[in-house]
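Asker: Provided herewith is a single structure, encoded as structure tokens, for subsequent inquiry.
The values are calculated or read from the model by the stated rules, or taken from the named source; none is laboratory data. Note that the coordinates shown come from a computational prediction; the quantities given were computed from them, not determined experimentally. When we count neighbours, we look across all protein chains shown, and the Cβ atoms used for this are built from the backbone with ideal geometry, even at glycine. The protein model used for the area step is the full one, side chains on, heavy atoms only, and it has no ligands, DNA or RNA in it. Shrake-Rupley method; radii C 1.70, N 1.55, O 1.52, S 1.80 Å.
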Amino acid sequence: MSCRPIIFMLGLAALASPAFADDASLSGMLSCKAVADPLERVACYDKAVAAFEAAQSAGDVSIVTRAEVEKVRRDSFGFSIPSLPSFGPRAAGQAEAKLDRVTEAVQSVSNAGGKIRVVLANGQVWVQTDDKSPRVKSPASAEIFEAALGSYKMKLDGGLAFRVKRER
């Protein structure tokens, strides 16, 4: 028996499989799961994986871990970045966890013009915006949390909360 009919049948099976088109997404690969015929399913997976690998090599697709997403959320806390996409592959029906409070180690604290400037160990810089006078005697940690109307407050070592804005 000649190999030509088998190759021809595999070619037809690949054409008959669910169209992956130029969509290099995970859903394209997952759609192959629904293909009943084993040869067609393998051909679909091969095509989907090849498109995904090409997109990844070109830099069009990137895989991000949950830990990396959490790091971006923590690092960007206090900044409004509307163009930053919601990274959320989540379990069905599960809402995306909102980060509304962080606690970080304090690198340094200075006081200029009656306003406290706090540099955190992660490089963030926060500046006081209200007129409160919290004690700032070599604090070890800063807790920053969301307040009303998109503002933020900070507590140094659990002390008095005062309003802050992120400078850097």
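Asker: Among the numbered criteria (1) assigned to a loop (DSSP other than H, G, I, E, B); (2) modelled with pLDDT of 75 or more; (3) closer than 30 Å to ILE63 by Cα, which one does PRO134 miss?
Answerer: (3)
Asker: Determine the pairs where a residue that is in a loop (DSSP other than H, G, I, E, B), located within the range 104-125, has a partner that is open to solvent by less than 50 Å² (accessible area, probe 1.4 Å) and not small (Gly, Ala, Ser) with Cβ atoms under 6 Å apart, the partner being 6 or more residues away or on another chain.
Answerer: Listed by first residue and then by second, the contacts come to ASN122/GLU104.
Asker: Kindly establish whether LEU160 is among the hydrophobic types (A, V, I, L, M, F, W, C), on the phi > 0 side of the Ramachandran plot and open to solvent by 50 Å² or more (accessible area, probe 1.4 Å).
Answerer: So LEU160 fails the test.
Asker: Let me ask something additional. Suppose we keep only residues that are of a type in the set (A, V, I, L, M, F, W, C) and not in a strand (DSSP E or B) within the range 137-157. Which one would you say is surrounded by the most Cβ atoms within 10 Å (Cβ to Cβ)?
Answerer: Checked the range 137-157; the qualifying residue surrounded by the most Cβ atoms within 10 Å (Cβ to Cβ) is ALA147.
Asker: Out of all the residues in the range 4-24, is one or more modelled with pLDDT of 75 or more and in a loop (DSSP other than H, G, I, E, B)?
Answerer: For the range 4-24, residues modelled with pLDDT of 75 or more and in a loop (DSSP other than H, G, I, E, B): absent.
Asker: Using the structure shown, decide if GLY59 is over 26 Å from ARG163 (Cβ atoms), modelled with pLDDT of 75 or more, open to solvent by less than 70 Å² (accessible area, probe 1.4 Å) and not hydrophobic (A, V, I, L, M, F, W, C).
Answerer: Considered against the rule, which asks whether it is over 26 Å from ARG163 (Cβ atoms), modelled with pLDDT of 75 or more, open to solvent by less than 70 Å² (accessible area, probe 1.4 Å) and not hydrophobic (A, V, I, L, M, F, W, C), GLY59 comes out as yes.
Asker: Also, quick follow-up: Which one is nearest to ARG135 (Cα to Cα), of the residues in the range 102-123 that are open to solvent by less than 30 Å² (accessible area, probe 1.4 Å) and of a type in the set (Val, Ile, Thr)?
Answerer: Step by step, filter the range 102-123, then rank; the result is ILE116.
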